[in-house]
Amino acid sequence: MDDEHGAFWIGVYGAETDELVLELHKSLTLFGNFSESENYKIQLKSLEASKDYFSLLLSGMIEKLKEKLKTMDTIRLE
């Protein structure tokens, strides 16, 4: 794993929703992919911090998740 980026992701999708994905890398970089125009990249300080983001995603609290991502020092993906 030293030379690999080591990541896992969880996504939700369905007939009435677009695909929503959170991807966490071993470097603790968290990517939020919601649509072509709504993608986020933040750097977490600990693995423990990722739990809040994944809990919001899995609870269906997407707007709250997006707000949480926006309030962090977010790097917009190109």
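Can you check what the net charge comes to around GLY11, using other residues whose Cβ is under 11 Å from the Cβ of GLY11 (Lys, Arg +1; Asp, Glu -1)?
Details: positive: none; negative: ASP18, GLU19, GLU23.
After counting each charged neighbour, the total is -3.
Summing +1 for each Lys or Arg and -1 for each Asp or Glu, what net charge is found among the other residues whose Cβ lies under 14 Å from the Cβ of LEU57? Could the numbers behind the result be given before it?
Working: positive: LYS51, LYS64, LYS66, LYS68; negative: ASP18, GLU19, GLU23, GLU38, ASP52, GLU63, GLU67.
Net local charge, LEU57 excluded: -3.
Probe radius 1.4 Å, ligands and nucleic acids ignored: give me the carbon and sulfur share of the accessible area of region 13-65 as a rounded percent.
50 percent
The values are calculated or read from the model by the stated rules, or taken from the named source; none is laboratory data. Nothing here was measured: the structure is a model prediction, and the numbers come from that model. So basically every Cβ, Gly included, is an ideal-geometry build from the backbone, and we count neighbours across all protein chains shown. What goes into the accessible areas is simple: the full protein's heavy atoms, side chains included, and nothing from ligands, DNA or RNA. Shrake-Rupley method; radii C 1.70, N 1.55, O 1.52, S 1.80 Å.
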